[in-house]
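Laboratory data are not the source of any read-out in this text; all were calculated from the coordinates shown. Not measured: the values here are computed from a predicted model. Positions of Cβ are generated from backbone atoms using ideal geometry, with glycine treated the same way; all protein chains shown enter the neighbour counts.
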Amino acid sequence: MLKRFFITCSGVDKDLVYTCSNGEQNKYAGIGATVFFTALMAWLAASYALYTVFDNVYTATFFGLLWGLLIFNLDRFIVSTIRKRNKFGQEFLQATPRIVLAMIIAIVISKPLEIKIFQKEIDTVLLKEKNELAMANKKQVANYFKGDLDKNKAEIDNLKRAITKKEKEVNDLYSTYITEAEGTKGTMKLGKGPVYAEKRMKHDAALAELDTLRKTNQAKITALEKDATTLKTSQDKKVTETQPIIDSFDGLMARINALNKLPWLPSFFIMLLFLAIETSPIIAKLLSPKGEYDLKLEDTEMALATNLAQNNYQRELMRTTDAGIYDDVYAEIRDDRGLYTYKKKKALELLEMQADSFSNKQKNVM
């Protein structure tokens, strides 16, 4: 049962191959098994690759099965269309496009399996790239809000500097009127005279202005600090919102790029393995001598070609013979006087009818 299934997978003429020896049947069963297991690996590889895209087992398995069936059909077609010739050069030339196609299929199949085999190493590379992306994202978001935050901070600093400047002015005025009272500066007279009163009045006025400035600027500073908190909250929210996008940076393309950053030799050997598996049925057919199946298939094809040639030749003879007969028949009819007289009589009647019709039309016009 299994042997019959693999023979079906090889794409040979089952009615013809079952008339061959057991060894010949085993050869094509082996070729069919290679085709089947290659398609099976294509199914697994495509399912894994599509799972990284859809994140759904059933969807990935379904489309992976379609891909496996496509690869199975292509491999079966490639193997079944190779014919043994009398010269190896002709056979190789015939098989070259099929070998190229088989190599392309092998590369496509091997890549998802390489990704699965080196999954741990690829995850390490992706983790490093995700961390770099996260840092770059934070930097970009910070740069995006930097202008507003810097402007906000500059306004707060200006308001605080205005208060500090006014406080210094008040302190200087305080020192001035105190030293005037002590007699250490100014008029150098001890006591609270008119000059002291004038300087004290200036200090009290500046102190009142300081209180007003503090209230006004503190209200502005509170509002600006609230805006700064809102900006920082928006910045943190932006980073949080974009982080899931970075965390999901592990799709098929990202994993292929990560695989390319790993040492190439192990991946290259896996690809060579699939190349060998995929091209082995074609190479086996090229290197093997003509077998019993090939001879019988050639005999069947030659018999069909000979039969078609004979049929075409017979049809051509029938056509030429029939044409010659009709040529002779119509030549004899041409010389028959009875037929000539009958046709002449009918022609005269037709001419008379045409003349009468023309005459009647002319009379109606007049």
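Odds and ends about this structure:
- Qualifying residue in the stretch 215-225 (condition: over 54 Å from the mean Cα position of the chain (by Cα) and among the small types (Gly, Ala, Ser)): yes
- Matching residues in the stretch 267-283 - criterion: being over 13 Å from Ala33 (Cα atoms), surrounded by 12 or more Cβ atoms within 10 Å (Cβ to Cβ) and small (Gly, Ala, Ser): Ser267
- Scanning the stretch 1-20 for residues that are hydroxyl-bearing (Ser, Thr, Tyr) and over 17 Å from Lys285 (Cα atoms) yields Tyr18, Thr19.
- Test: residue in the stretch 88-105 that is in contact with a Phe, Trp or Tyr (Cβ under 8 Å, 6 or more places away or on another chain) and either of a type outside the set (Asp, Glu) or not in a helix (DSSP H, G or I) (or both): no
- When the helices (runs of 4 or more DSSP H) confined to the stretch 1-68 are screened for residues that are among the aromatic types (Phe, Trp, Tyr) and within 23 Å of Ala106 (Cβ to Cβ), those reaching at least 3 such residues are found at 22-54.
- Filter result (closer than 17 Å to Lys168 by Cα, of a type in the set (A, V, I, L, M) and surrounded by 15 or more Cβ atoms within 10 Å (Cβ to Cβ)) within the stretch 203-235: Ala206, Leu207, Leu210, Leu213
- Subset of the stretch 20-29 [surrounded by 13 or more Cβ atoms within 10 Å (Cβ to Cβ) and in contact (Cβ under 8 Å) with a residue 60 or more places away in the chain]: Cys20, Glu24, Lys27, Tyr28
- When residues of the stretch 153-164 are limited to those that are of a type in the set (Lys, Arg) and surrounded by 12 or more Cβ atoms within 10 Å (Cβ to Cβ), the one farthest from Lys215 (Cα to Cα): Lys153
Listed here are the residues, each with its yes/no results for (1) over 30 Å from Phe269 (Cβ atoms); (2) exposed (fewer than 15 other Cβ atoms within 10 Å of the Cβ); (3) touching a Pro at 6+ places or on another chain (Cβ under 6 Å).
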position: Phe92; (1), (2), (3): no, yes, no
position: Pro97; (1), (2), (3): no, yes, no
position: Ala102; (1), (2), (3): no, no, no
position: Pro112; (1), (2), (3): no, no, no
position: Glu121; (1), (2), (3): no, no, no
position: Lys128; (1), (2), (3): no, yes, no
position: Val141; (1), (2), (3): yes, no, no
position: Lys151; (1), (2), (3): yes, yes, no
position: Asn171; (1), (2), (3): yes, yes, no
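- Candidate set: the stretch 60-80, residues that are closer than 19 Å to Phe6 by Cβ and either free of Cβ contacts under 8 Å to residues at least 24 places away in the same chain or in contact with a helix residue (DSSP H, G or I) (Cβ under 6 Å, 6 or more places away or on another chain) (or both); chosen: the one surrounded by the most Cβ atoms within 10 Å (Cβ to Cβ): Asp75
- None of Lys296, Lys290, Lys285, Lys361 is closer than 19 Å to Thr81 by Cα and either over 60 Å from the mean Cα position of the chain (by Cα) or not in a helix (DSSP H, G or I) (or both) except Lys290.
- Checked against the criteria, Asp322 counts as surrounded by 10 or more Cβ atoms within 10 Å (Cβ to Cβ), out of contact with any helix residue (DSSP H, G or I) (no Cβ under 8 Å at 6 or more places or on another chain) and more than 30 Å from Thr19 (Cα to Cα).
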